[in-house]
Amino acid sequence: MTQAVSELFGRLWSDYLAHTPSAKPIHQLLGKGADIVNDHIALRTFNLAPVTVDALAEHFKAIGYVEAGQYAFEAKKLKAKHFEHPDPTAPKVFISELLVEEMPEEVQTIIKKLVAQVDPKAVSAADFLIGNRPWQLSLADYQTLAKHSEYASWTAAWGYRANHFTVSVNHLAGFDTLEAVNQALKDAGHVLNSSGGEIKGSPEVLLEQSSTMADKGVVKFSDGELTIPSCFYEFALRYPQADGELYSGFVAASADKIFESTAQN
């Protein structure tokens, strides 16, 4: 893995740990002291300039990443792309965006007001994706967004940071199945996302995924504070394709349920 890739993901990981206290004990539980391979991270945004998926992707393209897949989530009014690096040991990147024009008028008004606060030049700054909320947000606006879209309210409240990291189960010593990983997590007291079942996907679609429910953190609004879901940890087991290479894409039906890891619980 190149130094540029290692540095960026190291900074993303440090910010993620600060808002996901369960990640460190999970890391220790599954890794047993050994390094854990990160399958991918995910970022959330809105499909408005200057913060579109393509704008955020420039941070990764600048260090060698290329677009490798597109996905649609009609019920949640989202689109997404994933990006890969020529070095297979580099984590994949999954970036989604809310289709703002398909949301109710009051939601569109709030999101446009937020995005209007973003300096286009700031989006290309090295630290833009490292725990950055580039707008002021009121508690009332957050609650209005939450009524219509959990994705919109999470993105508005937390801004630009890794929404989750993902353990590559394929590279875990001592765990051969995702069921075994899930059981170890539950035995340790971690709560899993059960939407669509604890395991999303199957060997037939070449990918199985599970995730914890998000930790919670205090978010400061312009007129108060609130404790809301922050970030979560995902676990992915990939299966070989006909050519023997592990499948490297994503399954929209599974990702749709993974999004719900940040739901209020």
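Every Cα-Cα pair of segment 82-121 was included, and the share exceeding 15 Å stands at 61 percent.
Would you mind getting me the FRET efficiency between Asp176 and Lys24? Use the beta-carbon distance for r and R0 = 22 Å, nearest 0.05. E between Asp176 and Lys24, to the nearest 0.05, is 0.35. Estimated at 0.36 nm per residue, the fully extended path between Val205 and Ser124 surpasses their Cα-Cα distance by 25.6 nm. Can you tell me the FRET efficiency between Glu225 and Ala184 if r is taken as the Cβ-Cβ distance and R0 is 35 Å, rounded to the nearest 0.05? With a Förster radius of 35 Å, E is 0.50. Net charge of the neighbourhood of Pro91, taken over other residues with C-beta under 14 Å away and scored Lys/Arg +1, Asp/Glu -1, is -3. Sorting the segments 127-133, 209-215 by their mean number of nearby beta carbons within 10 angstrom, highest to lowest, gives 209-215, 127-133. Taking R0 as 41 Å, what's the FRET efficiency between Lys147 and Ala62 from their Cβ-Cβ distance, rounded to 0.05? For R0 = 41 Å, the calculated efficiency reads 0.65. For the chain, the share of DSSP beta bridges that are antiparallel, to the nearest 5, is 75%. Inter-part distance, segment 87-163 to segment 213-265, computed on C-alpha centroids, equals 15 Å.
Throw me the Rg/Rh for segment 168-265, computed over C-alpha atoms with Kirkwood Rh, two decimals. Ratio of gyration radius to Kirkwood radius for segment 168-265: 1.06.
Label-to-label distance, Asp215 versus Gln241, with points set 7 angstrom from Cα along the beta-carbon direction: 3.6 nm.
If you take the alpha carbon atoms of the chain and fit the smallest convex hull around them, that volume is 121 Å³ per residue.
Karplus-based coupling profile of segment 225-230, in residue order and whole Hz: 10, 8, 8, 9, x, 9, with θ = phi - 60° in 6.51 cos²θ - 1.76 cosθ + 1.60 and x standing for Gly or Pro. Neighbours of Gly131 by Cβ distance under 14 Å: Lys/Arg scored +1, Asp/Glu scored -1, total +3. Based on the convex hull around the alpha carbon atoms, segment 1-49 presents an average projected area of 4.9 nm².
Here the mean projected area of the convex hull built on the C-alpha positions of segment 1-158 is 9.9 nm². Taking every C-alpha pair closer than 8 Å and separated by at least 6 residues, the mean separation divided by the residue count of segment 3-262 gives a relative contact order of 21 percent. For the pair Leu139 and Thr109, the difference between a 0.36 nm per residue extended length and the Cα-Cα distance amounts to 9.3 nm. Put simply, when 191-197, 257-263 are sorted by average Cβ atoms within 10 angstrom per residue, most first, you get 257-263, 191-197. Considering segment 152-199, its Cα convex hull presents a mean projected area of 4.8 nm².
Coordinate-derived values only; no laboratory data. What you see is a predicted model, and the numbers here were worked out from it, not measured in a lab. Glycine also receives a Cβ, built like all others from the backbone with ideal geometry; neighbour counts cover every protein chain displayed.
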